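Encoded as structure tokens, the structure appears first; notes follow it.
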Amino acid sequence: MRSPIQTYLDELHQSLVGLDEGALADYIPELTKASPDWFGISVVTMDGVAYTAGNADQTFTIQSVSKPFVYATALADRGVDIVSSKIGVEPSGDAFNSISLDPQTGAPRNPMINAGAIATTSLVGGADSSAQWQRIASSLGAFAGHDLAVDESVYHSESATGFRNRAIAWMLKNFGVVDGDPMAALENYFRQCSLLVDCRDLAFMAATLANGGIHPVTSQRALPAEHVERVLSVMATCGMYNYAGSWLFEVGMPAKSGVSGGIIAVLPGRFGIGIFSPRLDIKGNSVRGIEVCKRLSRDFSMHVFSRDGHPSMALGRIYTGADAPSRRQPFAEMRACLVSHAHRIKYLCLHGYLAVDGVEYIIRKMIHMSTDAHSFILDLHQVDGISDCAARLLNEVRQSFGRNGTAVVFSRIHARRAITVPLKRAVTRGDRGYLSFEDNDLAVEWCENRLFGETEQPPQAVTSLADCLFFKGVPVELMQKVEAAIKVYAFAPGDHIVKAGQVGDSRVFFIESGQVSVLVPLQDGAHHRIASLGPGMNFGEMVLLGQTTRSATVCADTAVTCRVLESRDLDNIASEAPVLKIVLLENLAGNLASSLRRATQWIAALA
Ligand code: GLU
């Protein structure tokens, strides 16, 4: 199926092809060789999908769109203090090629005008200008996701005619902004402007900034995260020549344009956009490029100050341990306890990326529920990541609930680093850390045990088969025959007592002591626990209904002893006394009915 996003971009492209206002830049002679009709659009997502329309493969020289990336490189190499001491971050109001410095600071006003950009190029790390050039080329290549070549004819064309930029470079030398040879720095600047890209490359470079400095496909870090906001801030205020204020007002994305007709726009955390169309307006911005961004911003609500979501979206379903109890079969005392208290176990299903606003909302709901809460299970299955400050808030709420006797535990994190790293970072000194469970069944069982209280011990062992619910109602003399046919087996913790898929085993197991888990294998090799069973309970009884293949694995959680009966021994006894079979089938049917009721209850809670 064709994506509606692709259809939208094609239509957008089509609707602007006829827009032929503006003119090619001609002060660099080579640039006049571009076709004025070239027009490409590309939008790249944070997981690296590139949508394109029009001349997406047409290459052109990057020109001033290189400036934010070289600024990023200088910040990474020299640190914010040194770079800020040489170059300001104020919008200038002057032309991009103005031969002026800030009268107060004596520094270029910002890194997006030529004076600031040439100074920036001179600051990039490297022992000499050729090492600096290698660094610039490899850094911009990391943003694009592949090496970028220089268009030698554009480079020579600009170098041969760039007298004004030479004047700027000597001015920078005169005022001590550039330390070394200003002409060497300038040649590097001309070369950086002559790197060849297409609009897809621009969109990937923008997407790398949107993605916190990491290229969405190669996963290479092109820029330390701490500098990303700085680069985007300068782009937001100074990126679009003297149109920057109106741009922020109307489009609202950090952006940068260049005289060859390229524009990048960045929607942090969401999209990178690259457009190429060489006809420029009088302010030097691509006419169609601006129009594309205005439409995208309007149609997809892409203004950085607009907000579609609501904090409440971080919280999905809420239910309790009464709606969805653990799948363990509780013994009588615990069952009684759960009937009156299981609603005090609160499950909260959290969604999406958890930032401060969403977590504030969740905490408010937890506080609201805290009057009768005994524990909270925060199910993180649908969470993509947590911000550090949100993780700190969750950690604080966990600790303060803990001090009041209410446990807060996590479930279904599944070792996802976007969750585990911030959660671990938030754990404070002297704090024992958070408890997290592989699945909700284990989490709720832990909460049920806690509710029941550590002081009350579950029954240690069942010594007579007659105590098993399975044999309820079987006459005493028949029980004696059954007991005579029994064998006793012992298992160590971790032993697989039966295995899913195993064929031909027709034993029925009765647990005398210990605890087992019934596990259903999942496709990815993991397990889903569907029940936990203890003394007096049985498993494997489906053979009595003719099931010959085991449907689940049963694993000993502790040391376990089982009494084991072959189904044919039962059949032998029943052939003389059919009442045995009748009673057992009745018990089995009752058991199945109650499993079905529990499953229905679960489905209702999850619906
Ligand atoms: N290389 C061009 C110059 O310095 C870049 C200008 C631009 O794209 O704004 O004049």
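If contacts are Cα pairs under 8 angstrom and at least 6 residues apart, what is the relative contact order of the chain in percent?
11
Label the range 345-429 by shape, choosing from rounded, prolate and oblate, from the square roots a ≥ b ≥ c of the eigenvalues of the Cα gyration tensor; if a/c is under 1.5 it is rounded, and otherwise prolate applies when a/b is larger than b/c, oblate when it is not.
Working: a/c = 1.60, a/b = 1.40, b/c = 1.14.
Prolate shape, in that a/c is at least 1.5 and a/b is the bigger ratio.
Pull out a ≥ b ≥ c, the square roots of the eigenvalues of the alpha-carbon gyration tensor of the range 181-313, then state rounded if a/c is under 1.5, prolate if not and a/b is larger than b/c, and oblate in the remaining case.
It is oblate, given that a/c is not under 1.5 and a/b is not larger than b/c.
Given Thr59, Leu423, Gln329, which one lies farthest toward the positive end of the charge dipole of the chain, if we put +1 on the Cβ of every Lys and Arg and -1 on the Cβ of every Asp and Glu?
The one lying farthest along the dipole's positive direction is Gln329.
Using only the alpha-carbon atoms, how far is helix 567-576 inclined from the longest principal axis of the chain? Give it as 0 to 90 degrees, nearest 10.
It is inclined by approximately 30 degrees.
Taking the Cβ of Ala466 as the centre, find all other residues whose Cβ is under 12 Å away and add up their charges (Lys, Arg: +1; Asp, Glu: -1).
Overall, the nearby charge balance is -1.
Give me the dipole magnitude in Debye, nearest 20, for the range 155-212 about the Cα centre, with unit charges on the beta carbon: positive for Lys and Arg, negative for Asp and Glu.
Details: 5 positive and 6 negative charges, 30 e Å.
It works out to roughly 140 debye.
With every protein chain left in place, what is the accessible area per residue of the range 561-603 in square angstrom, probe 1.4 Å?
Averaged over the residues of the range 561-603, the accessible area is 57 Å².
Can you give the calculated 222 nm mean residue ellipticity of the chain, where each DSSP H run of n ≥ 4 adds -39,500 (n - 2.57) and the sum is split over every residue, rounded to the nearest 500 deg cm²/dmol?
Values: 19 runs with 251 residues, N = 607.
After summing the helix terms and dividing by residue count, I get -13000 deg cm²/dmol.
Check cross-link reach from Lys472 to the lysines: straight Cα distance under 28 Å, and skip same-chain residues fewer than eight apart.
Answer for Lys472, where 28 Å is the Cα cut-off: Lys481, Lys487, Lys499, Lys581, listed by chain and number.
Could you size up the charge dipole of the range 116-239 around its Cα centre, putting +1 on the beta carbon of Lys and Arg and -1 on that of Asp and Glu, and report it in debye to the nearest 20?
Working: 8 positive and 12 negative charges, 48 e Å.
Charge dipole, the range 116-239, about its Cα centre: 240 debye, nearest 20.
Return the aspartates and glutamates within reach of Lys365: Cα separation strictly under 16 angstrom, same-chain partners fewer than 8 residues apart disregarded; answer none if there are no such residues.
Leaving aside aspartates and glutamates fewer than 8 places away in the same chain, those within reach of Lys365 are Asp357, Asp379, Glu396.
How much of the accessible area of the chain, in percent, comes from carbon and sulfur atoms when a 1.4 Å probe is used?
54
In degrees between 0 and 90, to the nearest 10, how far off the longest principal axis of the chain does helix 388-403 point, with axes built from Cα atoms?
30
Taking Cα atoms, how many degrees apart are the long axis of helix 152-161 and the longest axis of the chain, rounded to 10 and kept between 0 and 90?
Helix 152-161 and the main axis of the chain meet at about 40 degrees.
Compute, for the range 1-96, the length of the dipole vector about the Cα centre, with Cβ point charges of +1 (Lys, Arg) and -1 (Asp, Glu) only. Units Debye, rounded to 20.
300
What number comes out for accessible area per residue over the range 112-178 if the probe is 1.4 Å? Units Å², please.
For the range 112-178, the solvent-accessible area averages 39 Å² per residue.
Specify whether the C-alpha gyration tensor of the range 1-83 places it in the rounded, prolate or oblate class, a ≥ b ≥ c being the square roots of the eigenvalues: rounded for a/c under 1.5, otherwise prolate if a/b is larger than b/c and oblate if not. Don't skip to the answer; put the middle values down first.
Values: a/c = 3.12, a/b = 1.30, b/c = 2.41.
Because a/c hits 1.5 or more and a/b fails to exceed b/c, the range 1-83 counts as oblate.
Tell me which residues come under 5 Å, amide H to amide H, from Asp495 once H is placed; ignore anything under 5 positions away on its chain.
Sorted by chain and number, the residues that satisfy this are Ala556.
Keeping all protein chains in place, calculate the accessible area per residue for the range 301-343 (probe 1.4 angstrom), answer in Å².
For the range 301-343, the solvent-accessible area averages 53 Å² per residue.
The values are calculated or read from the model by the stated rules, or taken from the named source; none is laboratory data. Computed from a predicted structure; not experimentally measured. Ideal geometry is used to build each Cβ from the backbone, glycine not excepted, and the neighbour counts take in all protein chains shown. Heads up: the accessible areas ignore ligands, DNA and RNA and are worked out on the full protein's heavy atoms, side chains in. Shrake-Rupley method; radii C 1.70, N 1.55, O 1.52, S 1.80 Å.
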